[in-house]
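*Asks:* Could you have a look at this structure, given as structure tokens, before my questions?
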Amino acid sequence: MPGTSLRVGLAALTLGACRGPQSALDPAGESASRVASLFWVMLVGAAVVWAAVVALTVWAARSRADEGPRTRSAWLIIGGGAAVPTVVLTALLAVGLSMLPAMVAPAPPGSLRVAVTGEQWWWRVRYPRDDGAVTLANELHLPLGEPVDLTLDSADVIHSFWIPPLGGKLDMLPGRPNRLALRATRAGVFRGVCAEYCGDSHALMAFDVVVEPREALDRWLTHQAEPAATPTDPLAARGAALFVADGCGACHAVRGTVSDGRLGPDLTHVGSRRSLAAGTLRNEPDALTRWIARADALKPDAHMPAFAMLARDDLRALAAYLEALR
Ligand code: CUA
């Protein structure tokens, strides 16, 4: 029956959307679990109210106007119109408010600190360390089961930091840092997004979040702190020279080389990242070549200029160099 298969298909689509790396209803963190519980409580509350209103509407449509004593109608209006909504809404409000203190509680002292700055349209990520911060972009690694103390701000307009499976969203304001505490409870790779319209490429501003055991995170962080590898492959070595000659280092830093630009993402280990251009492209040579040549087409209004005037071989060499920065 086409009707049945349509309904099954719609149900599968709807429920399918509840899972996945960017779903608030598939929580992998303490804060997100509270948000998901609140959602289900509100949904059930709303469903009960909706069912009662529909039942009353059907009953009212079927009864005659002059049926029953007037006092019963008066009690129905007072009860259904004032008393029941007051009780139901107060109960839902109480449930919601009771969850609030835990949601806004700061991370305990000694928690891993990470600073994230929203930029048009990417994320500058810094892990402060005793020997200086490790800076990277568009990828966060968080420890499994440990609290993290995130400092969120913006370099330009208002953005909003949101990793749906890990917690609620929080605005990133220029000049006014906000703090967010998160504790991931399930290992995996998740997707964070910007949840506040911030310009033409707002929808092209995502980041990858890797939740892993602390030892793996420490290994990753130690590697991210190291200077860039010197390319050994001839094509990548030519790319390294082109990177300097074409002026890429004016905006991008590659630690351990002469390139120390601060405007754009730090590219010291760009080859190790899961995606390119803030979650817009897969991290592979062809995509990187396209990105360098036509950043303007792939991310409208981005500050990254298009380098379509470079020879095809030069673009490939640049991509080979950057992919080798693992
Ligand atoms: Cu940044 Cu929307």
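*Asks:* If the Cβ limit is 6 Å and pairs must be 6+ apart or interchain, which residue in segment 190-201 that is modelled with pLDDT of 95 or more and open to solvent by less than 40 Å² (accessible area, probe 1.4 Å) pairs with which residue that is within 6 Å of the ligand (Cβ to nearest atom) and part of a strand (DSSP E or B)?
*Replies:* What qualifies is C194/H159; C198/H159.
*Asks:* Something else about it: Do the conditions hold for V84, that is, is it exposed (fewer than 11 other Cβ atoms within 10 Å of the Cβ) and part of a helix (DSSP H, G or I)?
*Replies:* no
*Asks:* Being closer than 13 Å to L142 by Cα and of a type outside the set (S, T, N, Q) is the filter; apply it to segment 177-189 and report the residue that is surrounded by the most Cβ atoms within 10 Å (Cβ to Cβ).
*Replies:* First pass over segment 177-189, keeping only residues closer than 13 Å to L142 by Cα: 181-189.
Cutting the leftovers down to of a type outside the set (S, T, N, Q) gives us 181-184, 186-189.
Numbers: A181: 19, L182: 25, R183: 20, A184: 28, R186: 15, A187: 15, G188: 14, V189: 12.
Per the stated criteria, the residue is A184.
*Asks:* Do any strands (runs of 3 or more DSSP E) lying entirely in segment 128-211 carry at least 3 residues that are within 16 Å of the ligand (Cβ to nearest atom), and which ones are they? Break it down stepwise before answering.
*Replies:* Details: elements: 134-137, 139-143, 147-154, 159-162, 170-172, 178-183, 188-194.
Strands (runs of 3 or more DSSP E) meeting the threshold: 147-154, 159-162, 170-172, 188-194.
*Asks:* Quick check on L112: is it within 28 Å of G20 (Cα to Cα), under 15 Å from the mean Cα position of the chain (by Cα) and away from the ligand (no atom under 11 Å from the Cβ)?
*Replies:* Criteria not met by L112.
*Asks:* If you don't mind, another one. Just one of the numbered conditions (1) under 30 Å from V157 (Cβ atoms); (2) open to solvent by 20 Å² or more (accessible area, probe 1.4 Å); (3) not in a helix (DSSP H, G or I) is not true of T268; which one?
*Replies:* (2)
*Asks:* Looking at the structure I just gave you, is S259 open to solvent by less than 20 Å² (accessible area, probe 1.4 Å), within 16 Å of the ligand (Cβ to nearest atom), of a type in the set (S, T, Y) and farther than 27 Å from A105 by Cβ?
*Replies:* On the way: open to solvent by less than 20 Å² (accessible area, probe 1.4 Å): yes; within 16 Å of the ligand (Cβ to nearest atom): no; of a type in the set (S, T, Y): yes; farther than 27 Å from A105 by Cβ: yes.
Spelling it out, it is not the case that S259 is open to solvent by less than 20 Å² (accessible area, probe 1.4 Å), within 16 Å of the ligand (Cβ to nearest atom), of a type in the set (S, T, Y) and farther than 27 Å from A105 by Cβ.
*Asks:* Please enumerate the residues belonging to segment 47-86 that are modelled with pLDDT of 90 or more and under 30 Å from G168 (Cβ atoms).
*Replies:* Once the filter is applied, which keeps residues that are modelled with pLDDT of 90 or more and under 30 Å from G168 (Cβ atoms), segment 47-86 yields A47, W50, A51, T86.
*Asks:* In segment 134-176, what count of residues is obtained for those that are more than 23 Å from A253 (Cβ to Cβ), among the charged types (D, E, K, R) and open to solvent by less than 40 Å² (accessible area, probe 1.4 Å)?
*Replies:* 1
*Asks:* Given the options A308, A320, name the one that is over 21 Å from T117 (Cα atoms) and surrounded by 14 or more Cβ atoms within 10 Å (Cβ to Cβ).
*Replies:* A320
*Asks:* So, in segment 228-243, how many residues would count as being more than 16 Å from D313 (Cα to Cα) and surrounded by fewer than 18 Cβ atoms within 10 Å (Cβ to Cβ)?
*Replies:* Total meeting the criteria: 3.
*Asks:* Quick check on my filter: what residues within segment 292-319 are under 20 Å from E139 (Cα atoms) and in contact with a Ser or Thr (Cβ under 8 Å, 6 or more places away or on another chain)? Break it down stepwise before answering.
*Replies:* Step one: filter segment 292-319 for residues under 20 Å from E139 (Cα atoms), giving 292, 295, 298-299, 302-304, 319.
Correct list: L298, K299, A302, A319.
*Asks:* If T90 passes every condition in (1) closer than 24 Å to Y127 by Cβ; (2) open to solvent by less than 90 Å² (accessible area, probe 1.4 Å) but one, which one does it miss?
*Replies:* Result: T90 passes all but (1).
*Asks:* Within segment 222-236, track down each residue that is over 15 Å from T268 (Cα atoms) and not in a loop (DSSP other than H, G, I, E, B).
*Replies:* Hits for segment 222-236 are P234, L235.
*Asks:* Can you name the condition, by its number, that P285 falls short on among (1) touching a residue at least 24 places away in the same chain (Cβ under 8 Å); (2) crowded, with 21+ Cβ neighbours inside 10 Å?
*Replies:* Among (1) touching a residue at least 24 places away in the same chain (Cβ under 8 Å); (2) crowded, with 21+ Cβ neighbours inside 10 Å, the lone unmet condition for P285 is (2).
The values are calculated or read from the model by the stated rules, or taken from the named source; none is laboratory data. The structure presented is a predicted model; accordingly, all values stated were derived computationally and were not measured. Virtual Cβ from ideal backbone geometry, glycine too; neighbours counted across all protein chains shown. Just the protein is used for accessible areas: all its heavy atoms, side chains included, with ligands, DNA and RNA removed. Shrake-Rupley method; radii C 1.70, N 1.55, O 1.52, S 1.80 Å.
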